[in-house]
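Please read the structure below before turning to the comments.
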Amino acid sequence: MPITPREQFLAGMRAQVPNFAGSFPFGVAAGAFTVTVVNNFWLSTGMQALMFAGRAQMVAMQLEKEHAPLMFMLLACLVINLRCLMYGTAIAQHFRHLSWPWKIGLSFMLADFTYAVSIKPLGDMAGTPDAPTRHFFYLGAGVFNIAMWSGDGIIGALLGNVIPPSWNLDFVPTVSFIFALSTALREQDDWAAAVAAGVVSVALVGLPWQAGLFIGAAVGLVVGMVTKPRVREYAVKRPASRSADNKEITS
Amino acid sequence: MSDLQRLWLTALALAGVAYFTRFSMVALLGKVTLPVWSQRMFKLTVPAVFMAIVLPGVITLNQGIALNPVDNHRIAAALVAAVLAWRTRNMLVTMVVSMGVLWALGWLVG
């Protein structure tokens, strides 16, 4: 007896529940910071739900604070979200049997958490009697993730409106990005990219529209690409789970 | 155009770019494959982009480099955040404690 779409949907939701712990602080922080930049509750929560990309949203809002041109914000958003191309490549085969409206809708939900919880179950179900309904698993995970994220955005925007300036909400993106760096710096090439990007962007502080940031990131990427991606000693000694989640996602 | 209208259009444009990265490979299924090196490049965008954002943000104050931790409390708060992120892997703890450190330093040192 194959699993029904309803059961698939609920299983997808259940798989997403543990990610609440990761979504909540990040989503609330993103909302709180965004509302202090745009000064409008509906715009802040709307942006969070429509972009559905927390890091890109925070970087874009930092750039908005510096009055950077729109093109810079769009470029930053594109580069930060490039990993979704990878997710799309991996997940596309599981949407192959679906109509265009389904593909268009499901693609919107292709975020870190939803990809992470569904790629393995979808792969396991491919070729089994459950295969035709497996997109409902992804849908359940995706809908739950959107609900969490948008809810985080509402709570964040409400908080951001009442938190006094002495709490330095503009430091929130920095903490989020330090957290992202702490999970991403694993191999030699990661470190090379980070060091080069940091040095160049600091050297170029004061350029208009935060242009130093873009030049620094570009130099970092190039330096990282030409550095051998050898895993450093300490990374090898860590538990095996490290290399497993390395393959999964880098967020 | 008011600032609010401009920001709504900005949000929609940003959402469009984000959606493009999600939808394009699903739409192009089978017709285009990503080159082998691209996966490494995507991985490297995280250290490159976020270090380029974080470092200048932490060590500058009012447009100038400020390396004295007594004046620039962000240095201490960022170091606390880095250690907590690395040791605890817990976003909530990292966020609450490092924001608390920044607030406390501002209150104590002024």
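The values are calculated or read from the model by the stated rules, or taken from the named source; none is laboratory data. None of the values given here were measured: they were computed from a predicted structure. Because the Cβ atoms are built from the backbone with ideal geometry, glycine has one as well, and the counts that use them run over all protein chains shown. Ligands, DNA and RNA are excluded from the accessible area calculation, which covers all protein heavy atoms including side chains. Shrake-Rupley method; radii C 1.70, N 1.55, O 1.52, S 1.80 Å.
Looking at segment A:199-217 only, could you name the residues that are within 7 Å of chain B (Cβ to nearest Cβ) and either crowded, with 24+ Cβ neighbours inside 10 Å or in contact with a Lys or Arg (Cβ under 9 Å, 6 or more places away or on another chain) (or both)?
Once the filter is applied, which keeps residues that are within 7 Å of chain B (Cβ to nearest Cβ) and either crowded, with 24+ Cβ neighbours inside 10 Å or in contact with a Lys or Arg (Cβ under 9 Å, 6 or more places away or on another chain) (or both), segment A:199-217 yields A:S201, A:L213, A:G216, A:A217.
Condition first: open to solvent by 40 Å² or more (accessible area, probe 1.4 Å) and facing chain B (nearest Cβ under 9 Å). Now tell me which residues in segment A:56-78 satisfy that.
Scanning segment A:56-78 gives A:Q62, A:L70, A:L75, A:L78.
Listed here are the residues, each with its yes/no results for (1) assigned to a helix (DSSP H, G or I); (2) in contact with a helix residue (DSSP H, G or I) (Cβ under 7 Å, 6 or more places away or on another chain); (3) outside the structural domain of A:A76 (by TED's automatic domain parsing); (4) touching a residue at least 60 places away in the same chain (Cβ under 8 Å).
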position: A:D189; (1), (2), (3), (4): yes, yes, yes, no
position: A:G198; (1), (2), (3), (4): yes, yes, yes, no
position: A:S201; (1), (2), (3), (4): yes, yes, yes, no
position: A:G206; (1), (2), (3), (4): no, no, yes, no
position: A:W209; (1), (2), (3), (4): yes, yes, yes, yes
position: A:G216; (1), (2), (3), (4): yes, yes, yes, no
position: A:V219; (1), (2), (3), (4): yes, yes, yes, no
position: A:G224; (1), (2), (3), (4): yes, yes, yes, no
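Take the residues of segment A:185-198 that are more than 21 Å from the chain's Cα centre (by Cα) and more than 8 Å from chain B (Cβ to nearest Cβ): which is least open to solvent (accessible area, probe 1.4 Å)?
A:A192
Mind checking which helices (runs of 4 or more DSSP H) fall wholly inside segment A:93-165 and carry at least 1 residues that are over 20 Å from A:G22 (Cα atoms) and of a type in the set (V, I, T)?
It comes to A:100-108, A:134-162.
Would you please list the contacts, defined by Cβ atoms under 8 Å and residues six or more apart or on different chains, that run from a residue in segment A:166-184 that is more than 7 Å from chain B (Cβ to nearest Cβ) and without any contact (Cβ under 8 Å) to a residue 40 or more places away in the chain to a residue that is among the basic types (K, R) and assigned to a helix (DSSP H, G or I)?
Qualifying pairs under 8 Å: none.
Looking at segment A:79-92, which of its residues are buried (at least 17 other Cβ atoms within 10 Å of the Cβ) and either part of a helix (DSSP H, G or I) or more than 10 Å from every other protein chain (Cβ to nearest Cβ) (or both)?
Those that are buried (at least 17 other Cβ atoms within 10 Å of the Cβ) and either part of a helix (DSSP H, G or I) or more than 10 Å from every other protein chain (Cβ to nearest Cβ) (or both): A:V79, A:I80, A:R83, A:C84, A:L85, A:M86, A:Y87, A:G88, A:T89, A:I91, A:A92.
Step by step: first the residues of segment A:204-228, then only those that are out of contact with any Leu (no Cβ under 9 Å at 6 or more places or on another chain) and at pLDDT below 90, then the one that is nearest to B:Q63 (Cα to Cα). Which residue is that?
A:G206
From the list A:L74, A:L110, which residue is farther than 25 Å from B:M51 by Cβ and not aromatic (F, W, Y)?
The conditions single out A:L110.
What's the number of the condition B:V83 fails, among (1) at pLDDT 90 or above; (2) more than 16 Å from the chain's Cα centre (by Cα); (3) facing chain A (nearest Cβ under 7 Å)?
Failing condition for B:V83: (3).
Considering only segment A:108-115, I want to know if a residue exists there that is free of Cβ contacts under 8 Å to residues at least 24 places away in the same chain and open to solvent by 30 Å² or more (accessible area, probe 1.4 Å).
No, every residue in segment A:108-115 fails to be free of Cβ contacts under 8 Å to residues at least 24 places away in the same chain and open to solvent by 30 Å² or more (accessible area, probe 1.4 Å).
Name, by its number, the condition in (1) surrounded by fewer than 23 Cβ atoms within 10 Å (Cβ to Cβ); (2) touching an Asp or Glu at 6+ places or on another chain (Cβ under 6 Å) that does not hold for A:L10.
Condition not satisfied by A:L10: (2).
Whether any residue in segment A:107-124 is among the basic types (K, R) and either under 20 Å from A:Q57 (Cβ atoms) or facing another protein chain (nearest Cβ under 10 Å) (or both) is what I want to check.
Looking through segment A:107-124, none of the residues is among the basic types (K, R) and either under 20 Å from A:Q57 (Cβ atoms) or facing another protein chain (nearest Cβ under 10 Å) (or both).
Can you tell me which residue in segment A:28-54 is nearest to A:F137 (Cα to Cα), limited to those that are of a type in the set (G, A, S) and buried (at least 23 other Cβ atoms within 10 Å of the Cβ)?
The selected residue is A:A53.
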